[in-house]
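Please treat every number below as a calculation from the coordinates, not as lab data. This one's a predicted model, so the numbers in the text were calculated from it and none came from an experiment. We place every Cβ from the backbone using ideal geometry, glycine too, and count neighbours over all the protein chains shown.
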Amino acid sequence: MEYITVSAKTLDDAITEALVQLGVTSDQLDYQVIEKGSAGFLGIGMKQAVIKARRKEEVKEKEPEIEIPKADLSQVKEPVRKEEKKEVPKKDSIKKESPKKDHGKKEFAKKEPKKKPVVKEQPANDAPEKKEVELAKVEACTIEACEKFVSDVLKAMDMTDVKVTSVVDEEGALSIDMEGSNMGILIGKRGQTLDSLQYLTNRVANKMQEGYVRVKLDTEDYRRRRKETLENLAKNIASKVKRNRRTVSLEPMNPYERRIIHSALQADPAVSTHSEGEEPYRRVVVTLVRNNR
């Protein structure tokens, strides 16, 4: 497959855009970095990251299983163990049921098929149907402590020119936004650095007051852009599952991003989603609904 050229503000954004365009997961992507990109000084001289990407060639699956020699099949049928297993229950059943009438045997045979084990499907964790925890009213001392903590962390990272602002959004959560240069360092690979800082800030907030306080950290509108990217990825993966009729497993994601995938495909009757694995390697799996196979 020929390479496609993708450019974006950062290298991570370029890789994500390539995944969306090719409709593949990260383990199936082959790419070359043409230009790493740079933020410049205060936006002046900024260069976009450029990569060439293509889908990795798929390896042929398990050809040896098709060519099974006949000698092996005959050897499997020859042992007498199977016949012995069949004869033993017949003798036992005749001895036990001999004093009973034939009608009793027929009733016994009819009752057996009804005792089938019922398999219960496990509800998918991360499903968007979970009840939201009631949030406590954010106090002024909590806002001040969170802003100070974020500012101190940024200073420790030599990011002194970052402006920190906060507001309580319509959901009752404390939303903190950071503005400055070279914010790609703060975002990290697929938002991992930003998520880690958000987790620590949540811990600080919930030590300051009673009740549960939720803190959201964002910079350069990353959360909205990431959500749109994941929603597009979910739709492309769903189309791939319908076309190839094969289950697709996405790359590991945090609970927030997994919920975005679940929500994006919730209204699609042709596919279903669930999560597999343990944190931090838990991932979303997209499967074709049985009625559509």
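Both the radius of gyration and Dmax for region 130-237 are 14.7, 45 Å, in that order, over alpha-carbon atoms. Remark: region 219-224, residue by residue, has Karplus-estimated 3J(HN,Hα) of 7, 6, 6, 5, 4, 5 Hz, where x stands for each Gly or Pro and the curve is 6.51 cos²θ - 1.76 cosθ + 1.60 at θ = phi - 60°. The Rg/Rh ratio for region 162-293 is 1.05, where Rg is the radius of gyration of the alpha carbons and Rh is the Kirkwood radius. Taking each of LYS9/LYS137; LYS47/LYS163; LYS52/LYS155; LYS56/LYS216; LYS163/LYS207 in turn, the alpha-carbon distance tops 29 angstrom for LYS9/LYS137; LYS52/LYS155; LYS56/LYS216. Along the Cα-to-C-beta direction of ASN244, a point sits 7 Å from the Cα; which residues of region 263-288 have their amide N less than 15 Å from that point? The answer is 285-288, whose backbone nitrogens lie closer than 15 Å to the label point.
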